[in-house]
Amino acid sequence: MTLQLQSQVSLKPFNSFGVDVRAQLFAEAHSDADVREALAYSAEHAVPLLVIGGGSNLLLTADIAALVLRMATRGIRVLSDNGRQVVIEAEAGESWHPFVQWTLAQGLSGLENLSLIPGTVGAAPMQNIGAYGVEIKDVFAGLTALDRQTGELRDFTLAECNFAYRDSLFKQQVGRWLILRVRFAVDRVEHLHLEYGPVRQRLTEQGIDHPTATDVSQAICSIRNEKLPDPAVLGNAGSFFKNPLVSNVLAAQIRLEHPGLVGYPQADGRVKLAAGWLIEQAGWKGFRDGDAGVHHLQSLVLVNYGTATGLELLNLAQRIQKDIAERFNVELEMEPNQY
Ligand code: FAD
Ligand code: NAP
């Protein structure tokens, strides 16, 4: 028995919103054996199991009547290297950004656009994390998960993960798959993605005409640091809403009244609207009610100024959803996982 169970633990340090709720039981998993022990405890004592990583995509609205298992497994290894492409495997509990930095330090590119995303490697496939035109599906080479229903291990290929915009099989079948380790195919030859948002502009401002993957990572870190609140200073879970995919007919209707509408045509004919733009147009940018608010620089980010509860944040989110639906006929879907 290596699992250290603690009772009535505050989850405030374990969620980036800094919401203060308690876990009935709390433990950290440092090995596959710890994970299996937690599953066995959960079954034997009829206590639900909630697996978390860095807690950067959670909205906790009440005390958690469960065993909260925080993934803290460590390990990064090279599985294959053909001189051009390298397959790396990382344990679920590895922190995402240091892992990205590790690949760059080895001269491997592919993950640079995903720099500075908080959280763990194991949670990254859950919503197919994405930023600046790259999603993990673009560099994904497989993962190993434990089927919580049968206790069996299963390897998943790219096709089996159903990755989509901020979505995956693991999110669709929430609570079934416990991701233990993830594999990535990264390159010794750089294929950089610079055409998204302000990335190339930032590099140009820095006088960099022929960037390396590390230059791209640094440029993205500097853009993110300017625009996004640091959860260590101001509680938040990143983008609170997904960017809605709407028909081109609806996008055209909105544009008639709002010529400045920010939208990106998709391959399937739909248009991805910038949810942050809609929220800002509706006047919510910088709004504050008690300690729950909308960030003053990025209206897609809800923030906790100190003592906001999960329910207060949820209430604010629902007010925004209702307003956007009434003004633009657009449904905003929440991104963080609510418990
Ligand atoms: P948690 O919040 O701990 O968990 C998220 C979900 O995954 C929960 O449902 C949990 O039960 C489940 N889970 C966690 N670990 C496992 C596991 N090993 N096996 C099975 N299920 C598991 N996201 C983006 O996509 N792009 C961004 O650019 C981005 N920027 C962000 C910026 C900020 C400032 C913040 C606060 C968040 C941002 N996010 C972004 C959201 C978040 O960082 C990611 O979704 C991240 O992958 C969450 O990782 P986590 O370890 O914190 O997961
Ligand atoms: P931004 O650059 O201000 O752009 C606003 C929105 O427009 C983004 O959400 C993005 O959608 C979309 N967009 C911009 N350029 C695009 C292009 N060339 N093609 C298609 N869509 C485009 O966004 P931001 O808020 O500063 O975030 C920058 C990047 O980091 C985005 O990719 C964003 O998703 C990611 N991010 C995510 C989170 C999170 O919690 N999920 C938090 C912070 C940042 P997409 O979001 O679909 O890319």
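By its C-alpha gyration tensor, with a ≥ b ≥ c as the square roots of the eigenvalues, how is segment 153-232 shaped: rounded for a/c under 1.5, else prolate for a/b larger than b/c, else oblate?
Prolate, since a/c reaches 1.5 and a/b exceeds b/c.
Quick one: grab the alpha carbon gyration tensor of the chain, order the square roots of its eigenvalues as a ≥ b ≥ c, and give me rounded if a/c is under 1.5, else prolate or oblate depending on whether a/b is larger than b/c.
Verdict is oblate for the chain.
Using the alpha-carbon centroid of each, what span in Å lies between segment 172-214 and segment 67-140?
Cα centres, segment 172-214 to segment 67-140: 10 Å.
Output wanted: per-residue J couplings in Hz (rounded whole) for segment 289-305, from phi through Karplus 6.51 cos²θ - 1.76 cosθ + 1.60, θ = phi - 60°, x for Gly and Pro.
Per-residue couplings from phi come out as 10, x, 9, 9, x, 10, 4, 6, 9, 9, 6, 7, 9, 8, 10, 10, 6 Hz.
With no solvent and one point per C-alpha, what does the Debye sum give as log10 I(q)/I(0) for segment 76-227 at q = 0.14, 0.15, 0.17 Å⁻¹?
Each listed q corresponds, in turn, to -0.67, -0.76, -0.95.
Under the rule a/c < 1.5 gives rounded, and otherwise a/b versus b/c splits prolate from oblate, where does segment 34-82 land using the Cα gyration tensor?
oblate
For a Förster distance of 22 Å, can you work out the FRET efficiency between the beta-carbons of GLN206 and GLN85, rounded to the nearest 0.05?
0.15
Under 5 Å between amide hydrogens, which residues at least 5 positions from ILE64 or on another chain qualify, with H placed 1.01 Å from N in the peptide plane?
Those qualifying (amide H under 5 Å, at least 5 residues apart or on another chain) are ARG22, ALA23, GLN24.
Taking the Cα centre of each part, how many Å lie between segment 245-277 and segment 296-339?
With segment 245-277 and segment 296-339 each reduced to a Cα centre, they are spaced 20 Å.
Pairs LYS12/LYS322; LYS171/LYS242; LYS137/LYS171; LYS242/LYS322: which are spaced more than 20 Å apart, C-alpha to C-alpha?
Over 20 Å apart, Cα to Cα: LYS12/LYS322.
Under 5 Å between amide H atoms, partner at least 5 residues away or on a different chain: which partners does ALA141 have, H built in plane at 1.01 Å?
The list, which skips near neighbours in sequence, is ARG183, PHE184, ALA185.
Charges on Cβ only, +1 for Lys and Arg, -1 for Asp and Glu, centred on the Cα centroid of segment 76-227; of PHE156, ALA90, ILE220, which one is farthest towards the dipole's positive end?
The listed residue farthest towards the positive side: PHE156.
Once you list every other residue whose beta carbon is under 11 Å from the beta carbon of ASN128, what net charge do they have if Lys and Arg are +1 and Asp and Glu are -1?
Around ASN128, the surrounding residues sum to 0.
Projected onto the charge dipole of the chain (+1 at Lys/Arg Cβ, -1 at Asp/Glu Cβ, origin at the Cα centre), which of ILE76, VAL51, HIS193 gives the Cα projection farthest towards the positive end?
The residue sitting farthest along the positive end of the dipole is HIS193.
Can you give me the distance in nm between label points at ASP291 and GLU226, each placed 7 Å from the Cα along the Cα-to-Cβ direction?
My value for the distance between the label points is 3.2 nm.
Note down the magnitude of the dipole of segment 247-339 about its Cα centre, charges +1 on Lys and Arg C-beta and -1 on Asp and Glu C-beta and zero elsewhere, to the nearest 20 debye.
Once rounded to the nearest 20, the dipole reads 220 debye.
Note down the net charge around ILE64, summing +1 for each Lys or Arg and -1 for each Asp or Glu among other residues with Cβ under 14 Å from its Cβ.
Every neighbour counted, the sum reads +1.
By how many nm would the segment from ALA33 to GLU190 grow when fully extended, if each residue of separation counts as 0.36 nm and the alpha-carbon distance is taken off?
52.7 nm
Which far-off residues, 5 or more places away or on another chain, put their amide H under 5 Å from the one on GLN85, with H placed in the peptide plane?
The list, which skips near neighbours in sequence, is ARG188.
In the neighborhood of ILE88, defined by Cβ-to-Cβ distances under 13 Å, what is the net charge if each Lys or Arg adds +1 and each Asp or Glu adds -1?
Local net charge: -1.
Put +1 on the Cβ of each Lys and Arg and -1 on the Cβ of each Asp and Glu in segment 208-320; which of GLY293, VAL249, GLY263 then has its Cα farthest toward the positive end of the dipole?
VAL249
Throughout, read-outs are computed from the coordinates displayed, never taken from laboratory work. None of the values given here were measured: they were computed from a predicted structure. All Cβ positions, even for glycine, are placed from backbone atoms using ideal geometry, and neighbour counts span all protein chains on display.
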